[in-house]
Every structure is written in C-alpha cells, then in structure tokens.
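The values are calculated or read from the model by the stated rules, or taken from the named source; none is laboratory data. Being a predicted model, the structure only gives us computed values, none of them experimental. Counting neighbours? That spans all protein chains shown, and the Cβs are built from the backbone with ideal geometry, glycine included.
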Amino acid sequence: MAKLNFIMLSLVVLVVAITCVPSLAVEENEPKKLWDQCVVKISPNCALKIISQVFGDGVVSIPCCKELVQEGKECHDTLVKYIADRPSLIGNESKYLQKRDEVWAYCVSVSKAVSPA
C-alpha cells in the first residue's frame, strides 16, 4: 500500500513538472525574444545614448529620439526593463523605470516638435 502511494505521489509530481515547467520557460524566454526583435530596430550608437541617459547622466540627441520613437514604446520599455532586471541594477529598478518613462516622453515631444506638419 505504501509503495502504491509513493508511485501515485511520484506520478502527480511528474505530471505537475511536465505541465508547469515548460510554461514557465516560455514566459521567461518572451522578454529575451522581444529583446532580440527590438534591439535591431535602433542603431547601436543611439541605443548606447539612450541607455546612458536612463542608467546614468547621458543625453539623448534628437536623431536618437526619432529612432527611439520609431522603435516603439513596447520595445523601449522591454529593453530597459530587461537591463534593469540585472542583479546589479535591480535595487534601483523603480528609478530606472521612471527615467525610462521620462526619456520616452521627452523623445516623443522632441520628435513631434521637429516633424514636418
């Protein structure tokens, strides 16, 4: 009887592992997949300037703001969040996410101001 209970428990654990672990892996890979898609939408130079402003005290140029707006908010949010989730940065994540939003708002306003009407 004890052996049957052990087998049933093992079977339950196996079923839970088979159904839950792959779904967790998919969720974890989604930001990486979006990162790979988004990172090619912006020049390396502009990406560095944007990251420098969000995580440091750099300044984003108007041409880089235009690239950022063309890249899109979802990509911008994902890229910054992906970087901010690193163990060495996670303690200041809320500050970085606020700066991310400030950079986005600035770039949208600058891009609208210099775009032909």
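Data overview
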{"read-out": "Only one of 39, 80, 60 that is surrounded by 14 or more Cβ atoms within 10 Å (Cβ to Cβ), within 13 Å of the chain's Cα centre (by Cα), within 25 Å of residue 98 (Cβ to Cβ) and modelled with pLDDT of 90 or more", "value": "80"}
{"read-out": "When residues of segment 83-117 are limited to those that are in a helix (DSSP H, G or I) and small (Gly, Ala, Ser), the one surrounded by the most Cβ atoms within 10 Å (Cβ to Cβ)", "value": "84"}
